[in-house]
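One structure is given here, and the rest of the page talks about it.
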Amino acid sequence: MTKNQALLNWIEEMKALTKPDQVVWIDGSEAQLDALRQEAMKTGEIIKLNEELLPGCYLHRTAENDVARVEHRTFICSRREEDAGPTNNWMAPAEAYEKLGKLFDGSMQGRTMYVIPYSMGPVGSPFSKIGIELTDSIYVVLNMAIMTRVGQHVLDTLGDGDFVKGLHSKAKLEEENRYICHFPEDNTIWSVNSGYGGNVLLGKKCFALRIASYLGRNEGWMAEHMLILGIENPQGEIKYVAAAFPSACGKTNLAMLIPPEVYRNKGYKVWCVGDDIAWIRVGEDGRLWACNPENGFFGVAPGTNAKSNPNALASTRQGTIFTNVVHNLENNTVWWEGLDKNPPKHAVDWKGNPWTADSGVKGAHPNSRFTAPAKNCPCISPEFENPKGVPLSAIIFGGRRAKTAPLVYQARSWEHGVFIGSIMASETTAAATGAVGVVRRDPMAMLPFCGYHMGDYFQHWIDMGKKTDKLPKIFNVNWFRTDDEGNFIWPGFGDNLRVLDWIIGRCEGTADAVETPIGFVPKAEDINLEGLNLTIDQLRGILEVDRGLWTEEAKGIHEFYAKFGDHLPQELRDELATLEKNLQK
Ligand code: GTP
Ligand code: SPV
Ligand code: MN
């Protein structure tokens, strides 16, 4: 399938290490994928769902101890420890190759090694990058075939070129020997003892963020944990924004939102370009252009329903793989918490046990997921395949904060925007193993995904701002402010367009704002509340900037910044000083 000698040599080497019974190249054909589905159905790895209701859809259950990304077992293996920085786990490359080499040794015995040639970005685009993933999991092959562009045409495009080398083995799925290691200087990823999404679909977080962020810094572009969407106004003009929220904080939902009725009636539309990852470059016209390197959505199932995210739900109605959701045995379909108010009476939970709503446990894992083809999305952007991507008017940061962060605010400048991104904090979610609901700093939503020193990453953001004077404006949003009973005050979901509307207005110079110590905040009257069950006083409440809380926040930022030593850009020190000065005024 290829004459690329470096590729062939590497596969021989990895074969000698993992000792599979056979090697199968994935050509991307439907016939081959279907044969693999048949094989995985025989072993129970996937379950075929109702062909009439969910054509081409399958259910998979992971091991019980293997349901989310494992950040404490994820390593950046740069030669120098300093290059991984204070926020990443580091292992010396030699040590990592040796340690994981032992785990990979013979790990594919009795199994097949699949060779997956995949492209991140449209095949053949000058901005796309190619990876090869070797894996012993059919589930991984089937997921990669949805999430990326896979097959012979990728090898043809690769020719003799360079590629990211990814090696994955389920091995024995041992939690204590699970490792996700990145070797940015070798363009290499090794992942062992997991079978869950972000740990094993190596094109996604491992390549398109950790390795790509490193490449982007060297090559002058950015790889970000961002959705991309287009907002079309009644005149038919489309403005694009990219938004970085931490895992399970609303990217997929915002990326494909349905405008509230008052906006729909006026003719507003929203177009989804991407829901998780953006590769961003300075275009010929000096604007920042973003493209989505993925080809599908690996979305959070719980909470997805016909009201919260109808477009995501529609995307999962065919050709989709569901992971760790409830198996509805009444009609051989799937269910999850928050899908509807009719949990199946006859069902199996994500662990494979008989389950009913009265069981007292959740039927679907909180981090259960769907893997759906992007082309299924009713609002997929006509620019989705455009290799140049789309020009950005705004970049939006956001997190889950019960208090402190207002509904929305705008940075005074690019540098101030970088500061706002760098101090992002959010409550942890089920997307990674560990405690849920703990506030932690997650700069640019990249804490678990930056492939090098986070201080240098901040510097790269500052440097990108010096490349052009046509930069997008930067904002911060928080859909998650709660009242005294812990209920979300802002309705969220489709109604988030009301905030995007203000953001676009600010970019166009048509919307008003007031200056606060942290940046520009809308006046309550500047947000359209028509048709909403929210009073202007409630809105005022969530737009409020509490000096006391922000003074505390500034202390926390000092502590956080101290980690970065002299890697912290002076511009960010200055911004922190400005914030403190503003708070004292
Ligand atoms: P990853 O795929 O992990 O990167 O997550 P994501 O950022 O795409 O998050 P997603 O859109 O899947 O949302 C995660 C959870 O947040 C779901 O349970 C949603 O129902 C909930 N959520 C999303 N948007 C909103 C919102 O505007 N308000 C509220 N209250 N909840 C939201
Ligand atoms: C995330 O956790 O941000 C995800 C899911 O998008 S995973 O692919 O597991 O990283
Ligand atoms: Mn994500």
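The values are calculated or read from the model by the stated rules, or taken from the named source; none is laboratory data. Given the structure is predicted, the values throughout are model-derived calculations rather than measurements. In this analysis, Cβ positions are derived from the backbone assuming ideal geometry, glycine residues included, and neighbour counts consider all displayed protein chains. These area figures cover heavy atoms from the full protein model, side chains too; ligands, DNA and RNA do not enter into them. Shrake-Rupley method; radii C 1.70, N 1.55, O 1.52, S 1.80 Å.
Within the accessible area of segment 211-262, the carbon and sulfur atoms contribute 40%, probe 1.4 Å, all protein chains present. Over the chain, accessible surface divided per residue gives 38 Å², non-protein components excluded, 1.4 Å probe.
Ser308 sits with roughly 20 Å² accessible to a 1.4 Å probe, with DNA, RNA and ligands left out of the calculation. In terms of overall dimensions, the C-alpha atoms belonging to segment 1-121 reach 55, 36, 33 Å along their principal axes, ordered largest to smallest.
Given segment 430-518, report the % of alpha carbon pairs whose separation exceeds 21 Å. Percent of Cα pairs beyond 21 Å in segment 430-518: 57.
Projected onto their three principal axes, the Cα atoms of segment 228-305 cover extents of 38, 35, 20 Å, largest first. The orientation-averaged projected area of the convex hull spanned by the Cα atoms of segment 190-262 comes to 7.2 nm². For segment 444-585, the carbon plus sulfur part of the accessible surface works out to 47%, probe radius 1.4 Å. With contacts taken as Cα pairs under 8 Å and at least 6 residues apart, segment 466-532 reaches a relative contact order of 21 percent.
Could you estimate the translational diffusion coefficient of segment 494-552 from the Stokes-Einstein equation, with Rh from the Kirkwood formula over C-alpha pairs, at 4 °C and 1.567 mPa s, in whole µm²/s? Estimated via Stokes-Einstein, D reaches 104 µm²/s. Its DSSP H runs of at least 4 residues, each contributing -39,500 (n - 2.57), put the calculated 222 nm mean residue ellipticity of the chain at -8000 deg cm²/dmol, to the nearest 500.
Calculate log10 I(q)/I(0) of segment 68-219 for q = 0.13, 0.20 Å⁻¹, where I(q) comes from the Debye formula with a single equal point scatterer on each Cα and nothing for solvent. For segment 68-219 at q = 0.13, 0.20 Å⁻¹, log10 I(q)/I(0) is -0.55, -1.29. When the Cα positions of Val408, Asn353, Asn376 are compared along the charge dipole of segment 353-427, Val408 comes out farthest toward the positive end, with charges on each C-beta of Lys, Arg, Asp and Glu. One quarter of the convex hull surface built on the alpha carbon atoms of the chain amounts to 25.5 nm², the projected area averaged over directions. Relative to the globular-protein estimate of 2.2 N^0.38 Å, the Cα radius of gyration of segment 304-412 stands at 1.40. Among Leu471, Leu209, the sequence by solvent-accessible area, most first, with a 1.4 Å probe is Leu471, Leu209. For the residue pairs Lys99/Lys375; Lys48/Lys269; Lys269/Lys523; Lys3/Lys467, the alpha carbons lie more than 31 Å apart in Lys99/Lys375; Lys48/Lys269; Lys3/Lys467.
Normalised Debye scattering of segment 380-536 at q = 0.11, 0.15, 0.19 Å⁻¹ gives log10 I(q)/I(0) of -0.51, -0.95, -1.39, counting only Cα atoms as equal scatterers and leaving out solvent. Within segment 141-174, report the trypsin sites (Lys or Arg not before Pro) that DSSP leaves as loop and that have at most 13 other Cβ atoms within 10 Å. Listed in order of number, the matching sites are Lys172. Look at where the Cα atoms of segment 462-525 and of segment 123-200 average out, and the two centres are 37 Å apart.
The Cα-based radius of gyration of segment 151-298, divided by its Kirkwood radius, gives an Rg/Rh of 1.05. Dividing the radius of gyration of the alpha carbons in segment 208-360 by their Kirkwood radius gives 1.06 for Rg/Rh.
Seen from every direction in turn and averaged, the convex hull around the alpha carbons of segment 291-333 projects onto 4.0 nm². Per residue, the average separation of C-alpha pairs within less than 8 Å and at least 6 apart gives the chain a relative contact order of 15 percent. Just going by the charge dipole of segment 171-280, with Lys and Arg at +1 and Asp and Glu at -1 on Cβ, which of Trp221, Trp279, Asn253 is farthest out on the positive end? So the residue furthest toward the plus end is Asn253.
Take 287-295, 386-394, 322-330 and order them by the average number of nearby Cβ atoms within 10 Å per residue, most first; the result is 287-295, 322-330, 386-394. Computed from point charges on the beta carbon alone (+1 for Lys and Arg, -1 for Asp and Glu), the dipole magnitude for the chain about its Cα centre is near 260 Debye.
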